[in-house]
1. Within region 131-166, restricting attention to residues that are in a loop (DSSP other than H, G, I, E, B) and among the β-branched types (V, I, T), which residue is surrounded by the most Cβ atoms within 10 Å (Cβ to Cβ)?
2. Determine, yes or no, whether G219 is of a type outside the set (A, V, I, L, M, F, W, C), closer than 30 Å to Y67 by Cβ and out of contact with any helix residue (DSSP H, G or I) (no Cβ under 7 Å at 6 or more places or on another chain).
3. Report the residue count in region 167-183 for those that are hydroxyl-bearing (S, T, Y) and either open to solvent by 10 Å² or more (accessible area, probe 1.4 Å) or under 18 Å from F106 (Cβ atoms) (or both).
4. How many residues, within region 61-85, are within 15 Å of I135 (Cα to Cα) and either touching a Ser or Thr at 6+ places or on another chain (Cβ under 6 Å) or in a loop (DSSP other than H, G, I, E, B) (or both)?
5. Can you name every residue in region 114-144 that is modelled with pLDDT of 75 or more and over 15 Å from E82 (Cβ atoms)?
6. Based on this model, can you work out whether E28 counts as open to solvent by 70 Å² or more (accessible area, probe 1.4 Å), over 23 Å from D354 (Cβ atoms) and among the acidic types (D, E)?
7. Of the residues E151, E171, E221, E162, only one is in contact (Cβ under 8 Å) with a residue 40 or more places away in the chain and in contact with an Asp or Glu (Cβ under 8 Å, 6 or more places away or on another chain); which?
8. Being at pLDDT below 95, small (G, A, S) and crowded, with 18+ Cβ neighbours inside 10 Å narrows it down to one of S44, S55, so name that one.
Amino acid sequence: MKNSELNPFVIGKYVSEEYFCDREKETEMLLRQVQNGRNVTLISDRRIGKSGLISHLFAQPVMQKQYYTISVDLYATSSMAELVCLFGNEVYRCIQTQKNSWKEKFFQIISSFRVGFKLDPVSGSPAFDIAIGDIVAPVMTLEQIFAYLEESDKPCVVAFDEFQQIGEYQEKNVEALLRTHIQRCKKTRFIFAGSRKHVMTQMFLSPSKPFYQSTINMGLEPIPKEVYVTFAQRMFAKGSKLIDAEAVERVYTLCRGVTWYMQVLLNEMYVLTAVQGKCSVAEMDMALQNVVLLQEPFYRELLAALPQKQKVVLYAIVKEREAKNVASKSFIDKYKLESASSVQTAIKGLYAKDILVKTDDVWRVYDVFFAHYIMRYML
């Protein structure tokens, strides 16, 4: 399928600059830090566009020409062995199309990975497939990976996405170990992206932590409303369709400017709009219903798994939309909750499950579609 045939509101992986909205200043700033040899910490809420921004940075011609770029998503990892396995696979993916001496050194320097080198039984071509079980000495293999990066013929830029996940590993010295290796790197640059703000802030701004003041810290805010409205109208026009500015503004407000939710909703609105047709608020309401109903089995299962006390507090916060002073007597009395300690325990549990998020002493459900589902079908 050609890019021109895509639904222009792409969900998931970065496609190209053509389908990417704004972030010009952020991209320029990141590029400048990389070129100046600085490591960067990128902190923002989930789904606001960190991964897309990094992919957009890596797609820039100057990055393609002057650097090797490697993205490592740590979200699903839970141990040092998984980090090493994923990191190594991503490094190999970066070099497999290269035809230079650096590629030839991969198995020489990272000797632990030789077990993953195989010949395809059909084509006879060399292949690399390393599994977690193959990582018998992760600390040594990690050291070899960093040594290999430093041997490259041009600088590498490594982006660790959801970096805060290393704090959950069963091994307790991962931060210090990574900091030691990274500190020794002369050619390799690093971007540490994370969505758990309090964890990332503690990791990089607490004097007791290994990564303290080791990077330039950068936040990521929602794309300005007027910029996103213009982008949405341009994307509709690519398919010979129109969309009311009011409809895009309503999407922006509902989704609080969080890119992923806006893209999902506009993706469905685009589908509902005929060629030469015009999308309005009515299509937005229909699209929202379609998206929420599509997620209903997951939401129903999620609610069923919640303890009753957490569920009661969750419903109270949904009714408030933005809840302040949740442990106060007025809030507890208003929603007939048990006690301040019970509410705080429930909120702690909901926060750990990434269901709630706190911004400026205000609690809310992060998933706007989940909040809408509860409000419409459960209350």
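The values are calculated or read from the model by the stated rules, or taken from the named source; none is laboratory data. Given the structure is predicted, the values throughout are model-derived calculations rather than measurements. Reconstructed Cβ throughout: ideal geometry from the backbone, glycine too, with neighbour counts over all protein chains shown. These accessible areas exclude ligands, DNA and RNA; they are computed on the full protein's heavy atoms, side chains included. Shrake-Rupley method; radii C 1.70, N 1.55, O 1.52, S 1.80 Å.
1. Taking region 131-166 as the starting set, the residues that turn out to be in a loop (DSSP other than H, G, I, E, B) are 131, 135-137, 151-155, 162.
Next cut, among the β-branched types (V, I, T) only: 135-136.
Details: I135: 23, V136: 10.
Looking at residues that are in a loop (DSSP other than H, G, I, E, B) and among the β-branched types (V, I, T), I get I135.
2. Numbers: of a type outside the set (A, V, I, L, M, F, W, C): yes; closer than 30 Å to Y67 by Cβ: yes; out of contact with any helix residue (DSSP H, G or I) (no Cβ under 7 Å at 6 or more places or on another chain): yes.
Yes; evaluated as a whole, the condition is true for this residue.
3. To start, the set of residues in region 167-183 that are hydroxyl-bearing (S, T, Y) comprises 169, 180.
Those left that are additionally either open to solvent by 10 Å² or more (accessible area, probe 1.4 Å) or under 18 Å from F106 (Cβ atoms) (or both): 180.
Going through region 167-183 one residue at a time, the tally reaches 1.
4. Pass one, region 61-85, residues within 15 Å of I135 (Cα to Cα): 77-85.
Those left that are additionally either touching a Ser or Thr at 6+ places or on another chain (Cβ under 6 Å) or in a loop (DSSP other than H, G, I, E, B) (or both): 77-79, 83-84.
Final tally of qualifying residues: 5.
5. The answer is R114, V115, M140, E143, Q144.
6. Numbers: open to solvent by 70 Å² or more (accessible area, probe 1.4 Å): yes; over 23 Å from D354 (Cβ atoms): yes; among the acidic types (D, E): yes.
Answer is yes for this residue.
7. Numbers: E151 fails: in contact with an Asp or Glu (Cβ under 8 Å, 6 or more places away or on another chain); E171 fails: in contact with an Asp or Glu (Cβ under 8 Å, 6 or more places away or on another chain); E221 fails: in contact with an Asp or Glu (Cβ under 8 Å, 6 or more places away or on another chain).
Of the residues listed, the single one that is in contact (Cβ under 8 Å) with a residue 40 or more places away in the chain and in contact with an Asp or Glu (Cβ under 8 Å, 6 or more places away or on another chain) is E162.
8. Values: S55 fails: at pLDDT below 95.
After applying the criteria, what remains is S44.
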